[in-house]
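Worksheet: the structure to be examined is printed underneath.
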Amino acid sequence: MLAALKEWGETYCRDGNATAEFQHRCGAVLHTRADCAACGEELRFEDLAVVGGTHPPQIRP
């Protein structure tokens, strides 16, 4: 979770400049990814919809 927040901040707040990099034991630089537990597809913002809850957020395009 923290690695995902770090990547988001670097992308949207630091013009893509990495403050630090994490390396996986395989030797590759770590990049986070979220997948749907039901179908396994990678999550993309444009594929999401707010469908319930007591106070759903108002998402603007």
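The values are calculated or read from the model by the stated rules, or taken from the named source; none is laboratory data. A quick note: this is a predicted structure, and the numbers were derived from the prediction, not measured. Every residue, glycine as well, gets a Cβ built from its backbone with ideal geometry; the counts of neighbours run over all protein chains shown.
Scan the stretch 31-47 residue by residue and report those that are of a type in the set (A, V, I, L, M, F, W, C) and either closer than 14 Å to A4 by Cβ or surrounded by 10 or more Cβ atoms within 10 Å (Cβ to Cβ) (or both).
Within the stretch 31-47, the subset of a type in the set (A, V, I, L, M, F, W, C) is 34, 36-39, 43, 45.
Matches in the stretch 31-47: A34, C36, L43, F45.
Can you tell me which residue within the stretch 11-30, out of those that are at pLDDT below 85 and surrounded by 10 or more Cβ atoms within 10 Å (Cβ to Cβ), is farthest from R60 (Cα to Cα)?
Looking at the filtered set, the residue picked out is A18.
Are any residues in the stretch 23-45 more than 21 Å from G9 (Cβ to Cβ) and not in a loop (DSSP other than H, G, I, E, B), and if so, which ones?
Residue satisfying the conditions is D35 alone.
Looking at A49, is it touching a Lys or Arg at 6+ places or on another chain (Cβ under 8 Å), part of a loop (DSSP other than H, G, I, E, B) and not aromatic (F, W, Y)? So that I can check it myself, show each step before the final result.
On the way: touching a Lys or Arg at 6+ places or on another chain (Cβ under 8 Å): no; part of a loop (DSSP other than H, G, I, E, B): yes; not aromatic (F, W, Y): yes.
So A49 does not fit the description; no.
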